[in-house]
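So the structure is just underneath, and the comments pick up after that.
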Amino acid sequence: MAETEMSPVLQEPRQVVRKFQARPQHEGDGAVVRRSIGRFELKYFDPFLVLDEFSVAAPAGFPDHPHRGFETVTYMLEGAVTHEDFEGHKGTIKAGDLQWMTAGRGIVHSEMPAGQGTSKGLQLWVNLSSKNKMIEPRYQEIQSNDIASTAKNGVDVRVIAGESMGVQSPVYTRTPTMYLDFKLRQSAHLRQPIPPTWNSFVYVLEGEGVFCSERSAPVGPHHLLLLGQGDGLEVWNRSSKPLRFVLIGGEPLGEPVAQLGPFVMNTEEEIDRTIDDYQYFVNGFEKAKYWRSAGMVSP
């Protein structure tokens, strides 16, 4: 089997400790998501709150809605999504583009499909530590051509966050995070280091792969694999079709989580204050009082 050049030696490869398939559910206004983190099987995987594989076509979408206390990472796979918020920030992210949004103390925004056809992507919610929950909102947006990437011996990687195969992402992660988009061609073999103290998981997008142990059964699309402790991930592609998956890991915060929908804080009292802030348009939500996205404004 082909291996990545200077493939790292793993002293303790991680094993799959839990596996399940994400099934479709309705979210937003007519959109469909496959939610793997943030549903009843897996409420929270510190520091990750939600992972959605979304599929949306106009007129469906995710109209005006608030966030506080975490970050959303939107990675487009097909089509395009137009987003805008009450700070006047507006743009369109297309296939292969990335938006890393820090909601911090508060943002109200919309995410709607752009153009014809179905738009697909992944959205990950990354929790923020108590010291960062009330920081000012900000964006990091990277176009597809500017995402760090490399390819060696049958393995392609796009480095959304963190480092892989000698390539490092420019994205700044307040909660230390790795986010790697791998494609393995037939017979390719990968070893990817993961910081031993981090939590990590795999989400399969295309093809079938053998993960963690050569004796494991192949795993296909829409499956989430939670990884146990260890220093890295080992993967084989024994099928004739390309295997594509994301490997995501992060440093656990180890803090209490209080969540009500799009608000994520540390205590129920903080959630109550957040609801008041949003209802009375204060403490970061002042501009929500009069703002509506272009799609919500009647002609």
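Of all the numbered requirements in (1) touching a Leu at 6+ places or on another chain (Cβ under 7 Å); (2) surrounded by fewer than 22 Cβ atoms within 10 Å (Cβ to Cβ), GLU71 misses one, and that requirement is (2). Between ARG185, ARG174, the distinction of being closer than 30 Å to THR274 by Cβ, open to solvent by 30 Å² or more (accessible area, probe 1.4 Å) and of a type in the set (Lys, Arg) belongs to ARG174 only. Of the listed requirements (1) outside any strand (DSSP E or B); (2) open to solvent by 100 Å² or more (accessible area, probe 1.4 Å); (3) of a type outside the set (Val, Ile, Thr), HIS26 misses just one: (1). When LYS289 is tested against (1) out of contact with any strand residue (DSSP E or B) (no Cβ under 9 Å at 6 or more places or on another chain); (2) in contact (Cβ under 8 Å) with a residue 40 or more places away in the chain, just one condition goes unmet, and that condition is (2). Does GLY104 satisfy the criteria of being within 18 Å of the chain's Cα centre (by Cα), over 19 Å from ASP146 (Cα atoms) and of a type in the set (Gly, Ala, Ser)? Here the answer is yes, as GLY104 does meet what is asked. For first residues located in the stretch 96-124 and without any contact (Cβ under 8 Å) to a residue 12 or more places away in the chain, partners that are crowded, with 22+ Cβ neighbours inside 10 Å and aliphatic (A, V, I, L, M) and lie 6+ apart or on another chain with Cβ distances below 6 Å do not occur. Does at least one position in the stretch 207-215 carry a residue that is of a type in the set (Ser, Thr, Tyr) and more than 22 Å from PRO13 (Cα to Cα)? The answer is no, given that none of the residues of the stretch 207-215 is of a type in the set (Ser, Thr, Tyr) and more than 22 Å from PRO13 (Cα to Cα). For the stretch 40-86, the strands (runs of 3 or more DSSP E) that sit wholly inside it and include 3 or more residues that are farther than 27 Å from ASN199 by Cα are 62-67, 80-85.
Conditions tested, residue by residue: (1) among the aliphatic types (A, V, I, L, M); (2) farther than 23 Å from SER187 by Cα; (3) open to solvent by 10 Å² or more (accessible area, probe 1.4 Å); (4) in contact (Cβ under 8 Å) with a residue 40 or more places away in the chain.
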position: GLY232; (1), (2), (3), (4): no, no, no, yes
position: ASN237; (1), (2), (3), (4): no, no, no, yes
position: LEU243; (1), (2), (3), (4): yes, no, no, yes
position: GLY250; (1), (2), (3), (4): no, yes, no, yes
position: ALA258; (1), (2), (3), (4): yes, yes, no, no
position: PRO262; (1), (2), (3), (4): no, yes, yes, yes
position: THR267; (1), (2), (3), (4): no, yes, yes, no
position: ASP272; (1), (2), (3), (4): no, yes, yes, no
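Summed over the stretch 90-109, the residues that are surrounded by 23 or more Cβ atoms within 10 Å (Cβ to Cβ) and more than 18 Å from VAL264 (Cα to Cα) give a count of 2.
Selection of the stretch 253-279 for residues being out of contact with any Phe, Trp or Tyr (no Cβ under 7 Å at 6 or more places or on another chain) and closer than 16 Å to GLY38 by Cα yields PRO256, ALA258, GLN259, LEU260, GLY261, PRO262, PHE263, MET265. What strands (runs of 3 or more DSSP E) completely inside the stretch 139-202 contain at least 3 residues that are touching a residue at least 24 places away in the same chain (Cβ under 8 Å)? By residue number, 155-161, 177-184, 188-193. Which count do you get for residues in the stretch 51-66 that are crowded, with 21+ Cβ neighbours inside 10 Å and either within 17 Å of ARG174 (Cα to Cα) or of a type in the set (A, V, I, L, M) (or both)? Count: 2.
The values are calculated or read from the model by the stated rules, or taken from the named source; none is laboratory data. If you're wondering where the values come from, they're calculated on a predicted model, not measured in any experiment. Neighbour counts run over all protein chains shown; Cβ positions are idealised from the backbone, glycine included. These accessible areas exclude ligands, DNA and RNA; they are computed on the full protein's heavy atoms, side chains included. Shrake-Rupley method; radii C 1.70, N 1.55, O 1.52, S 1.80 Å.
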